[in-house]
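Data block below; observations after.
Values in this text are rule-based calculations from the coordinates and carry no lab data. Everything numeric in this text was worked out from a predicted model, so none of it was measured. Virtual Cβ from ideal backbone geometry, glycine too; neighbours counted across all protein chains shown.
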Amino acid sequence: MAFCDYHIHTCYSFDGDRSATPEAICKAAIERGLTDIAITDHFEVNAIPEGIDTPYDADAAFESVMQVKEIYGKRLNITYGIELGQASQYPDIANDFLRKYPVEFVLASLHNLRGKPDFYYMNFSAIDEDETSSLYRAYLSELLEMIYALDKIDAIGHITYPFRYIARAGRVVDASQFYDGLADIFSVLAKNDIALELNVSTYAKGYGFTMPTPDILSLYRECGGRLITLGTDAHSPSAVGVAIPYAAELAKSVGFDSALVIRGGQKELIKL
């Protein structure tokens, strides 16, 4: 049995804990018995053109990940990845980055819609049900656009990302109203061998659910999806690997018996 965490941020992410050096991340992963990790720092493609957040220092991050690969590579399978955010908004910036750096694993995510703030900053206590539904449908539409905009994509991250902040407002989302839009995306993922991430950050933080929830994960499988990744969305060493065993059991409960990792630059499926 192998345990993998394929969504980890270091101090090179704008919101990463300063203690989260790539070396500290690797040490934490080894201590917790992980066999495979992907370091997926944020590269928010809208950060520079829109003047938000701290720009990603791609050169420094790349050098640091290569160093820990050399030091810890015999004890831990370390993948140089990226969480590529809002790629459909500035596809030239995103694809220029992918051509410049030898990224092994691309986790594509969407944290904000065009012209709107990150869902993190939205007060869903003041947003009614109709507008909330419209926002999530727009989110799904832009996610689909992002898949086609990228030259390389290996997985879609936290596909129910807005649900985290809707739950923060004490509200529960009836996801079944979005099954049609989700199924459209899942069919494209299945056709192109793109994985769906099972993100446990919400579960680990006490929200009581994963992103996506089991019903959506089952829908993905019904649409032909066979590739999943497991990720904590860790932003500190203490969060690395947390609840990954739970994610593995949940994935198995809906019919998945393996998770996608990258080893030696090649995709592999490892048993959960």
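Miscellaneous remarks
- Modelled FRET efficiency - R0 25 Å, S19 with E268, Cβ distances, 0.05 increments: 0.25
- In this simple spin-label model, placing a label point 7 Å from the Cα along the Cα-to-Cβ direction at both E222 and E31 gives a separation of 4.3 nm.
- Proximal charge balance of K69 [Cβ under 13 Å; K/R count +1, D/E count -1]: -2
- Beta bridges per DSSP, both residues in the chain: antiparallel share near 20 percent.
- Estimated FRET transfer efficiency when R0 is 41 angstrom, pair E129-E63 (beta carbons, to 0.05): 0.30
- Summing Lys and Arg as +1 and Asp and Glu as -1 over all other residues whose Cβ lies under 12 Å from the Cβ of S134 gives a net charge of -2.
- Region 1-39-region 252-272 distance, computed between alpha-carbon centres (Å): 18
- Computed [θ] at 222 nm, helices only, for the chain once each DSSP H run of length n ≥ 4 contributes -39500 (n - 2.57): -11500 deg cm²/dmol
- Over all other residues within a Cβ to Cβ distance under 15 Å of S236, the charged ones net out to -3, with Lys and Arg as +1 and Asp and Glu as -1.
- Ordering V172, V68 from the fewest to the most neighbouring beta carbons within 10 Å gives V172, V68.
- When Rg and Dmax are taken over the Cα atoms of the chain, they come to 17.3, 52 Å.
- Added length on full extension, which subtracts the Cα-Cα distance from 0.36 nm per residue, K205 to K74: 44.0 nm
- Placing unit charges on the Cβ atoms of the charged side chains and taking the dipole of the chain about its Cα centre, the candidate lying farthest along the positive direction among T160, F3, Y56 is F3.
- Residues D215 and S238, FRET efficiency given R0 of 25 Å [Cβ-Cβ distance, rounded to 0.05]: 0.25
- A Cβ-based charge dipole, computed about the Cα centre of region 4-271 with Lys and Arg at +1 and Asp and Glu at -1, lands at about 780 debye.
- Difference of contour (0.36 nm per residue) and Cα-Cα distance, E249 to D184: 20.8 nm
- The residue among A20, S134, Y179 whose Cα reaches farthest toward the positive pole of the charge dipole of the chain, with charges on the beta-carbon of Lys, Arg, Asp and Glu, is A20.
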